[in-house]
Amino acid sequence: MNRIPLRFHLNDAEIGEFIDSGTTLLSLLRDKLGLTATKSGCNQGSCGACTVLINGAPQLSCLVLAARCEGKSVATLEGVSDNGTLHPLQRAFMDGFAAQCGFCTPGMIIAAKALLDRNPDPDRGEVIDAISGNICRCTGYEPIIDAILAAAAEMRGGKRKSA
Amino acid sequence: MLEYSSKYFAEERNQSLHEVGVERPRSDVQGHVTGRTQFYADRNFPGLLHLKMVRSPHHHARIKSIDVSKALKVPGVVRVLTAADIPSNIYTILCLIQVEPNDEPVLAFDKVRYKGEQIVAVLADSQRAAREGAARVKVVYEPLPAVFDVEEALKPGAPLVNEYHGRNWFTYEGHHCRRVRHGDVEKAFAAADHVIEEKYQSSPIEHAPTETTGCIVVPDSNDRFTCYSNTQALYFTLDNSALILKSPFHKLRLVGGTVGGGFGGKVDVIVEPIAFLAAMLARRPVKYEFSREEEMQVSSPRAAERIYIKDGVMNDGRIIARKVRLYVDAGAYSRHSPYGTTKAAAHMPGPYTIPNVWVDSHCVYTNRTPSSAMRGFGVTIGDFALEVQMDKLARLIGMDPMEFRILNAYRDGDLKAHGKETTGAALVECIQAAAQLADWPIGERYKAMSSQRKGA
Ligand code: FES
Ligand code: FES
């Protein structure tokens, strides 16, 4: 495989790497950069565990060649909390029992963040739509949907049910 | 709200506990939402080798020859493992609790007994090279007739699936099935007002955990090896690995951790022994991880079951006889199925006091994917069958299904069909509480009943 240079923006850092041209973004993040929050549940685009944001849009990093990220901005769960302060989505997932085994959680939170970044006041159907590519085998989804709606309400300045 | 008498579960209940109804955050949840929880595959090791398995495309076939020479020529392939490399190739997971005989090869050599069975492990520097190498292994097969149905498999002349058993069923202390005998069902059927027989059947069910099965084995100093695994059964894995590798236990170290979904699907010992051996022979860290296809196709599902239930019931609502024939499809190998089949036998009369019970619970070998544990295995499908049957019986005699269950529920002191006395029963009270919560009217007579006999 060809070695090619790659520069892109990852969370708060500028990354410059030489990569094999066939490397997926998922493999670059996990195996080379050691950012393991992003998970691999299928490596074939069917589970959503590997969801990241590329220029703000949710993408399955197992299906994206890293080389395609040249000059772009990639966000993973590692970059979601602000200097140790949890994002409202993270707190809502904790309070709402929206994570059990936790394997789908990074992808879920990223998919949810993509939704709330573009639509601060989604209805239930829009939330379901936003996470429809993310499989969870533990929770039955309802707590996840509730958590995303609760986080949205808090981010709009509303009160949350519990602290 | 409901009031419960303090006498139920009095012995089991520690009065100082007040946890029910109180929300407690999971202790691991902050790691989950920040992505800091470490799953086994979140570790990176320099020099990591990837293991890819060559699997049988046949449900049942004799292996005529295995040629690995082309695989070894693939750039990046380090070595291959075949059955000859395994110190003690034939095992069964539950040998640890005296289940016999050993009936499953770690790597198949003379025969394959299900589609997807492991034959040759290819070790390579990259996943791509390991896949390429696996594709170049040439196995010549002679396909054999296969059997996929539990009742077909028990017929004379059916293809023999597993030579280690010599027949297509697991033998329980000299018997062809696990049996429960209590009273005289045939006499009771003759005396019953109604007799019905129904058939229930389920398919295999895959757990489909979001994280696939896998492990990484790393050579430590002093000739010891550490296995990072997502197994649900660390000590089963340690013990079986030591037996398969004929290794002293202290040389093997198992590190578990967060399991990315298990549901019983990660209690078999499949990936670890072969990864241990690969790391020992290659002297490098080795990762053996199921692809999503492998997880769906070859990891053990919940067993398919077929259950026949014949009941004798009286017009006054008493079930006086229950005869059950139950078939558990173990697939090609035992794994946890002999145990699940025993659970099914003990469970089958259900939580009801029936004076005449006859159960034959069969653990059957077929050329399907070996089945194993999954949430409540051995009783879940049986419960489905039993409770559907209870509704049918209630309808048959024109009784309310809740009242029918209360009437037949076992009470403290009743002898269960498998010979144990009932203690701590609370089913009557549970059904009464459920009826109240569901606004389901039940008669005064049934409201007054209790798990302590002779209120009835
Ligand atoms: S790992 Fe990318 S969708 Fe499953
Ligand atoms: S919490 Fe386990 S898969 Fe979602």
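Tabulated results
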| quantity | calculated |
| --- | --- |
| Percent RCO, i.e. relative contact order, over region B:322-444, from Cα pairs under 8 Å lying at least 6 residues apart | 26 percent |
| From phi via Karplus (6.51, -1.76, 1.60), per-residue ³J(HN,Hα) for region B:69-75 in Hz, x at Gly/Pro | 4, 5, 5, 5, 8, 6, x |
| R0 of 35 Å, Cβ-Cβ distance A:ASP12-B:ARG224: FRET efficiency to nearest 0.05 | 0.30 |
| Kirkwood hydrodynamic radius (C-alpha pairs) into Stokes-Einstein, region A:88-155, 37 °C and 0.692 mPa s, D in µm²/s | 288 µm²/s |
| Label-to-label distance, nm, for residues given as B:GLU100 and B:VAL255 (7 Å Cα→Cβ offset) | 3.9 nm |
| Cα-based equivalent ellipsoid of chain B: semi-axis lengths in Å, sorted from largest, via gyration tensor | 47, 28, 17 |
| Between region B:278-314 and region B:57-85, the alpha-carbon center distance in angstrom | 23 Å |
| Estimated distance in nm for a label pair at B:GLU19 and B:GLU198, the labels positioned 7 Å out from Cα along Cα-to-Cβ | 3.7 nm |
| Förster radius 25 Å - calculated FRET efficiency between B:LYS246 and B:LYS138 (Cβ-Cβ, nearest 0.05) | 0.25 |
| Rounded FRET efficiency, nearest 0.05, which uses the C-beta distance separating B:HIS418 from A:ASN83 and R0 of 56 Å | 0.40 |
| Length-normalised contact order for chain A - Cα pairs under 8 Å, 6+ apart - percent | 22 percent |
| Chain lengthening between B:HIS176 and B:PHE45 when straightened (0.36 nm per residue, less Cα-Cα) | 42.2 nm |
| Packing-based order for B:17-25, B:206-214, A:30-38, using average beta carbon neighbours within 10 Å, highest first | B:206-214, A:30-38, B:17-25 |
| Whole-Å semi-axes of region B:49-143's equivalent ellipsoid (Cα gyration tensor) | 25, 16, 10 |
| Average beta-carbon neighbours from other chains, 10 Å sphere, peptide A:35-43 | 6 |
| Long-range HN-HN contacts of B:HIS194 with modeled amide H, under 5 Å | B:VAL313 |
| Potential lengthening between B:PHE384 and B:GLU293 on full extension [0.36 nm per residue; Cα-Cα distance subtracted] | 29.8 nm |
| For region B:336-438, fraction of C-alpha pairs farther apart than 18 Å, in % | 57 percent |
| Contour excess over end-to-end distance, with Cα ends at B:ASP391 and B:GLU444 and 0.36 nm allotted per residue | 17.0 nm |
| Share of alpha-carbon pairs per 5 Å distance bin for chain A, given as whole % | 1, 9, 18, 22, 19, 14, 8, 5, 2, 1, 0 |
| Chain B: relative contact order as a whole-number percent, Cα under 8 Å and 6+ apart | 17 percent |
| Distance between region B:408-456 and region B:174-228 - C-alpha centres, whole angstrom | 28 Å |
| Filter on B:LYS52/B:LYS155; B:LYS251/B:LYS287; A:LYS113/B:LYS287; A:LYS39/B:LYS73 - keep pairs with C-alpha separation over 26 Å | B:LYS52/B:LYS155; A:LYS113/B:LYS287; A:LYS39/B:LYS73 |
| Kirkwood Rh and Cα Rg combined as Rg over Rh, evaluated for the protein assembly as shown | 1.02 |
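No lab work stands behind these numbers, since they all come straight from the coordinates. Note that this is a predicted model, so its numbers are computed, not measured. Positions of Cβ are generated from backbone atoms using ideal geometry, with glycine treated the same way; all protein chains shown enter the neighbour counts.
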